[in-house]
Amino acid sequence: MRSLPVLPQAKRDWAVPAGLLVAIFLLVVGGNLAGNGVPTHRVPIGDALPGWEDGSLFSVLAVWIASWLGFVGTDTALVLVYVLLASISALLSYRFLRVSDWPAMQALFAVALIVSHGVLLYAVTTASPEFLIILAIGALIPAQRRLEAVGDVQAIINYGLTLPLLLMAGPSVAALILLLVLAVPFREPEARQKPQVFAAMLLVAVVPALIIIAGVLAMAGRAGIGIDVLAGPFIAAFQPSGRSLLPMLMLLAATAPVALILLAHAVVPDRRRKLLTTLIALALPLYLAVGNSQFDWQLAAWTPAAVMMATVVGWLCTTRLRPWMRWLTLGLLLASSAASWLLSPLWADPAWLDGLMPIQLYGMQVALPGIG
């Protein structure tokens, strides 16, 4: 009797469970901090545009969404919004790692190590405005990778849709938009030779950002908010500053050694590597470190390290690695997470560290077996 062919089993998609587990973990940590009275980022009361003190439209949107959650306090609601953003990011990271040929267990382990990184955990659970910059820059890397690898109209449109995220994140990264937009037509030989092609490609890349600017101006005008209020954070951000650069660079090198995988991939011959994307992933955190030392951006000293983690994750999600390089990446992610906690007294708020224990979820004390 002829046997029936064995059909391959469908691969189970762990993306949603991974996102839910991350959400639960962040809610437990955030709830414990709230129960121990650790303060989060506070929005000044009475502002004409709540959340705009940093020039971040993302912050305004986060505060606006948090205002819908009337069943909890304002600070807790803002943390919940950040937890939602972080959980969605974890879900997408896992899914894109799988698309990039990561085995399921390795992808889950990678996501767990990223979420457990002390700096990233701190940014989420304190509702830090820097976390919105981290998300915006992290999203830029996959778009840049596709633009470099494919370069078709769809890739340019996706790239153009990513640039408004930088505009919405605040002055420090919004300043990059002009350079990034001009890079689109300049990379094409035909666009450099034909002005009409140059203009068309430039228009496709810049239109989404112009729509955001026009929308903000229109809404501000209807609300009676003047241009001086909108431009104030951008003007203040580029006042000269005298912050030290070395501590930020040392913290970046110590807590984000996973960036070494970018250098390794750039050196090892591989037909699939895209050197420009790798260079941008390395350069953006350094740009923030230098800019934060030269201008009054008032970003936390750990921001370049957190952004390096985000650019590496964005790069991993769109780059196919050899098996030995995936294991090396996991080792470097483990080293990065461990270093972030070992050096936490140097960068974290002492109240935040003290608030991690004892476990008191939103004020409800939880007794653990064997812990007095």
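For region 130-146, does any single residue satisfy the condition of being acidic (Asp, Glu) and within 21 Å of Pro304 (Cα to Cα)? The answer is yes; a qualifying residue exists.
Every residue, every condition in (1) touching a residue at least 24 places away in the same chain (Cβ under 8 Å); (2) surrounded by fewer than 24 Cβ atoms within 10 Å (Cβ to Cβ); (3) closer than 23 Å to Arg326 by Cβ, yes or no:
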position: Thr76; (1), (2), (3): yes, yes, no
position: Ile88; (1), (2), (3): yes, yes, no
position: Arg95; (1), (2), (3): yes, yes, yes
position: Arg98; (1), (2), (3): yes, yes, yes
position: Thr125; (1), (2), (3): yes, no, no
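Every condition in (1) out of contact with any helix residue (DSSP H, G or I) (no Cβ under 8 Å at 6 or more places or on another chain); (2) touching a residue at least 24 places away in the same chain (Cβ under 8 Å); (3) over 18 Å from Thr329 (Cβ atoms) holds for Pro240 except the one numbered (1).
Take region 325-355 and flag every residue that is more than 18 Å from Leu113 (Cβ to Cβ) and either crowded, with 19+ Cβ neighbours inside 10 Å or among the hydrophobic types (A, V, I, L, M, F, W, C) (or both). Steps first, answer last, please.
To start, the set of residues in region 325-355 that are more than 18 Å from Leu113 (Cβ to Cβ) comprises 345-355.
Residues satisfying the conditions are Leu346, Trp347, Ala348, Ala351, Trp352, Leu353, Gly355.
When restricted to residues that are surrounded by fewer than 24 Cβ atoms within 10 Å (Cβ to Cβ), out of contact with any Ser or Thr (no Cβ under 8 Å at 6 or more places or on another chain) and assigned to a helix (DSSP H, G or I), region 100-119 contains 7.
The residues of region 328-356 that are without any contact (Cβ under 8 Å) to a residue 24 or more places away in the chain and among the hydrophobic types (A, V, I, L, M, F, W, C), listed by number, are Ala338, Leu342, Leu353.
A single member of Val268, Val258 is buried (at least 20 other Cβ atoms within 10 Å of the Cβ) and more than 24 Å from Tyr159 (Cα to Cα), and it is Val258.
I'd like to check something: does region 156-165 contain any residue that is of a type in the set (A, V, I, L, M), surrounded by fewer than 18 Cβ atoms within 10 Å (Cβ to Cβ) and at pLDDT 80 or above? Yes, region 156-165 contains a residue that is of a type in the set (A, V, I, L, M), surrounded by fewer than 18 Cβ atoms within 10 Å (Cβ to Cβ) and at pLDDT 80 or above. Residues in region 84-132 that are over 12 Å from the mean Cα position of the chain (by Cα) and of a type in the set (Phe, Trp, Tyr) were compared, and the one that is farthest from Val29 (Cα to Cα) is Trp102.
Filtered by the rule that a residue be of a type outside the set (Val, Ile, Thr), more than 30 Å from Gly51 (Cα to Cα) and part of a helix (DSSP H, G or I), region 150-173 gives Gln154, Ala155. Of the helices (runs of 4 or more DSSP H) lying entirely inside region 261-363, those containing at least 1 residues that are over 30 Å from Ala127 (Cβ atoms) and of a type outside the set (S, T, N, Q) are 275-294, 323-342.
When restricted to residues that are touching a helix residue (DSSP H, G or I) at 6+ places or on another chain (Cβ under 7 Å), of a type outside the set (S, T, N, Q), modelled with pLDDT of 75 or more and in a helix (DSSP H, G or I), region 15-69 contains 22.
Can you tell me which residue in region 239-248 is surrounded by the most Cβ atoms within 10 Å (Cβ to Cβ), limited to those that are more than 23 Å from the chain's Cα centre (by Cα) and in a loop (DSSP other than H, G, I, E, B)? Result: Arg243.
Ile141 meets the conditions (1) touching a Ser or Thr at 6+ places or on another chain (Cβ under 7 Å); (2) closer than 19 Å to Ala199 by Cα in every case but one. The failed one is (2).
Based on what the data block shows, is Arg12 basic (Lys, Arg), crowded, with 18+ Cβ neighbours inside 10 Å and either at pLDDT below 80 or assigned to a helix (DSSP H, G or I) (or both)?
no
Considering the conditions (1) modelled with pLDDT under 95; (2) of a type outside the set (Ser, Thr, Tyr); (3) closer than 18 Å to Thr277 by Cα, Met309 is excluded by exactly one of them, (1).
The values are calculated or read from the model by the stated rules, or taken from the named source; none is laboratory data. Everything numeric here is computed off the predicted structure, so don't read it as measured data. All Cβ positions, even for glycine, are placed from backbone atoms using ideal geometry, and neighbour counts span all protein chains on display.
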